[in-house]
């Protein structure tokens, strides 16, 4: 069982504080990176813990010695009470005094956390309501397979080949979150009034936040690529030090690319059809280099594609082909490119 079930557990761990403050040992850093990689939801919890850690003005390069500080606090409290409080009040044990002041400190910290939560728009817990346990579902596709999903709020998702999506079986509250590995197309229902909610797609590189829109997310090539077809989305990612974040609000016809290592979000004007046509069993090319088409074949069908020469790989291709059947696709590409395409089991050879 995971001993870190919430943000408080993380912030109580000195090793975690050193990790997010960039002073951890190699062993500690490897431990936390492995822990976060085991569950995509943990990355979100880590980012929220970092924000909380920063909001109470910790020095990110100076992790306190909690034992020494607790001893100093106890001594200060004792001196203060000796000077102000009559002797008979000291019938309580030293332990009770420490526990009392720890409770006072906890109340002060809770005040800070609550104010910070309101400031950034985090939902506050209601003591009169029971916490709803979220049951998660996972949908995965094999090479050469696509899968259509419909969430309980009416939103539609098409998962491309060799992809994985984690999502709640039932939507509750004001935020709907999913985690994506691979590529998916999203058609998110726009909600207004009391039903208004935020939809978030988490990737290993950052988050895509929307209210209602149509867009494509691709997490291959060691980066996240987002293409916006309709509506508006906000891209948000932590910088490489994980001490702050950068963001960009997209408009239709834009493509952004970002990864976990670079402190930037690259923006480009594109034709969305080039990146979303796969949802309709078509591939559309517009002066697309042949080596990019070869990469698409490898990621969609799990094949190895070899191009006879680098010059051939730079050939620019424009046109539309069907991709619901691999043999038909290869035949169509051969005619479109005026090249020979030979398939030998899991290997495809493209020659002049």
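Some points to look at:
- Residue in the stretch 141-165 that is surrounded by the most Cβ atoms within 10 Å (Cβ to Cβ), counting only those that are farther than 15 Å from residue 279 by Cα and touching a strand residue (DSSP E or B) at 6+ places or on another chain (Cβ under 6 Å): 165
- Some residue of the stretch 316-327 being part of a helix (DSSP H, G or I) and not assigned by TED's automatic domain parsing to the domain that holds residue 159: yes
- Helices (runs of 4 or more DSSP H) completely within the stretch 1-67 that count 1 or more residues being modelled with pLDDT under 70: 40-55
- Residue within the stretch 285-303 that is in the same structural domain as residue 149 (by TED's automatic domain parsing) and surrounded by fewer than 14 Cβ atoms within 10 Å (Cβ to Cβ) present: no
- When the stretch 25-44 is filtered for residues that are out of contact with any helix residue (DSSP H, G or I) (no Cβ under 6 Å at 6 or more places or on another chain) and within 15 Å of residue 200 (Cβ to Cβ), the ones remaining, listed by number, are 40, 41, 44.
The values are calculated or read from the model by the stated rules, or taken from the named source; none is laboratory data. This is a predicted model, so every value here is computed, not measured. Please note: Cβ atoms are built from the backbone with ideal geometry, for glycine as well, and neighbour counts cover all protein chains shown.
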